[in-house]
Amino acid sequence: MMWIAPAAAVASCRLSCTSLRIISRGSPTPWPWLFSVRCVRRVSSIPGTTPKEVTIEKDKVYKTDEWMNTPSTILSAIPRRLHLQQDHPIAITRQLIESRFPNYKCHNTLFPVVTVEQNFDSLGFPADHIGRSRTDTYYLNKDTVLRTHTSAHQADTFRANESAGYLISADVYRRDAIDRSHYPIFHQMEGAMTWDRDSLDASTSLKQAVWADVAKIPAHSIDVEDASPTSHPERNPLQECHSAEEVEAIAAHLKRSLEDVVVAIFNAASRAAVAAGETPASPDEPLKVRWVEAYFPFTSPSWELEVFWQDDWLEVLGCGIVKQDIMSHAGVPNRLGWAFGLGLERIAMLLYSIPDIRLFWSTDARFLSQFSSAAPIRRFVPFSKYPTCFKDVSFWLRSSSSAAGGLSRNALSPVDFHENDVMEIARDVCGDLVEDVRLVDEFVHPKTGRKSLCYRTNYRSLERTLTNDETNQLHERFRQQLVEKLGVELR
Ligand code: PHE
């Protein structure tokens, strides 16, 4: 999710540029391999035994504390690094985008365990930002998390100052809903370009240097809607240390660079559709994109880019002018520039028409053999659609008014309850055999004040038909774990 934070925007948004989601403005838009892990599985808000330490990839040992909420299932996926796997659709998507930024330095092997300082503080996230909570973020200990976005490496990369432009592609981790476009691990690409005031010759101003670079970006003929002003004093302010003309030039460079990426992606997607004998999404209409104002704690002004795709506006990326504080703290106060972040799964899903995000984790040859970096992009052909089976589970939370509300003392009350804990238990028990989990009913008992919730779980394997027995057993374990870990009372 893209953690949109400002007062007005947040009320409705906890949204993500990182997973496939259709935007409808006006309505709330919400985002075992090589190592040994000595940890017990537990979820965020549940008391339990905390392992003393976890070891990731043989030699990286982290002391844990009461903040630890990362299950072994997540830790065990760290070595997969789908963005580096030859011929994997995530890797091919990365390479396609990288090819549009020829002189940018690519960082593709940055380690996913970062400090809270890197992930949040260095970027100006307020202390009470929702993204910091243990319901949203995987912690190893109070100061250490699995990065929730590639922006966690911004400050360090600016500090290293190795290139004017850079791209970072990496696996990122977030506790989130379960459905066909959300998975707790996904991949992002971050990009940034900066200019150094100090290295300009005396006769060139910064804005002239930037405009000269804008002229080098390939032209396109797509229909771009950009209705808002580049900055707005309240909604999308200029930073004090930047002039309006400088920001105009940098924003033009940013927008043109990213429009070029979008053209490359959507042309490839259209060619794939035509090759598959499909009518492209809009045969008579050219590609349409639009820029909309956004908010991130670490850029100002900020924007999102949306693309009109299959009859709706699809949010593709977030970006903005890097906050000068970040540059100053990184020891490069004279540099200024832009940054963007995009979700690779979302783009790969529309490039290849991949219907379910879990497929990216499949090791089934029927999936993997369909992709090649040497061949043009082709639509994914589903190898089979195995049957789905849904089952409901209903339970009571503790009453918020009585001490125990008839439930055990450690039962969760509605204030402590977080849906992501239910999601994590489902993932933990069912792995990739769960397709989605959705709240289908809730009510408060008029007399006892106790709240009841009903979740519908869809079970489906992407690779085979599940037997009835198997689904029943999974569901029974899911129910029992809800009781054991959340202390709820099954109905
Ligand atoms: N890190 C942001 C996210 O995950 C995206 C972003 C990157 C926005 C860089 C602006 C600049 O949602």
- Here the residues within segment 140-172 that are assigned to a strand (DSSP E or B), under 10 Å from the mean Cα position of the chain (by Cα) and within 12 Å of the ligand (Cβ to nearest atom) are Val172
- Task: Return only the number of the condition from (1) out of contact with any Ser or Thr (no Cβ under 9 Å at 6 or more places or on another chain); (2) assigned to a strand (DSSP E or B) that Met189 does not satisfy.
- Result: (1)
- So, in segment 215-242, of the ones that are aliphatic (A, V, I, L, M), more than 27 Å from the chain's Cα centre (by Cα) and modelled with pLDDT of 95 or more, which residue ends up most open to solvent (accessible area, probe 1.4 Å)? Ala215
- Message: As an exercise: evaluate Arg450 against (1) out of contact with any Gly (no Cβ under 9 Å at 6 or more places or on another chain); (2) at pLDDT below 95 and give the number of the one condition it does not meet.
- Response: (1)
- Could you tell me which of the residues Asp441, Asp469 is at pLDDT 95 or above, open to solvent by 70 Å² or more (accessible area, probe 1.4 Å), over 26 Å from the mean Cα position of the chain (by Cα) and closer than 18 Å to Pro387 by Cβ? Asp469
- Query: Name the pairs whose Cβ atoms lie under 6 Å apart, with the first residue in segment 442-461 and more than 23 Å from Ala426 (Cβ to Cβ), the second open to solvent by 30 Å² or more (accessible area, probe 1.4 Å), and 6 or more positions between them or separate chains?
  - Reply: Val444/Lys451; Gly449/Ser401
- Item | Hits in segment 50-97 - residues which are farther than 20 Å from Leu359 by Cα, among the polar types (S, T, N, Q) and open to solvent by less than 10 Å² (accessible area, probe 1.4 Å) | Thr55, Asn69, Thr70
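Yes or no, residue by residue, for (1) at pLDDT below 95; (2) of a type in the set (Ser, Thr, Tyr); (3) touching a His at 6+ places or on another chain (Cβ under 7 Å):
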site	(1), (2), (3)
Asp179	yes, no, no
Asp213	no, no, yes
Ile250	no, no, no
Arg256	no, no, no
- Task: Considering each residue of segment 329-348, count those that are more than 16 Å from the ligand (Cβ to nearest atom), open to solvent by 10 Å² or more (accessible area, probe 1.4 Å) and under 23 Å from Leu167 (Cβ atoms), and give that number.
- Result: 4
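The values are calculated or read from the model by the stated rules, or taken from the named source; none is laboratory data. Just so it is clear, the structure is predicted and the values come from calculations on it, not from any experiment. For neighbour counting, all protein chains shown are included, and Cβ atoms are generated from backbone atoms with ideal geometry for every residue, glycine included. Remember, those area values only see protein heavy atoms, side chains included, never the ligands or the DNA or RNA. Shrake-Rupley method; radii C 1.70, N 1.55, O 1.52, S 1.80 Å.
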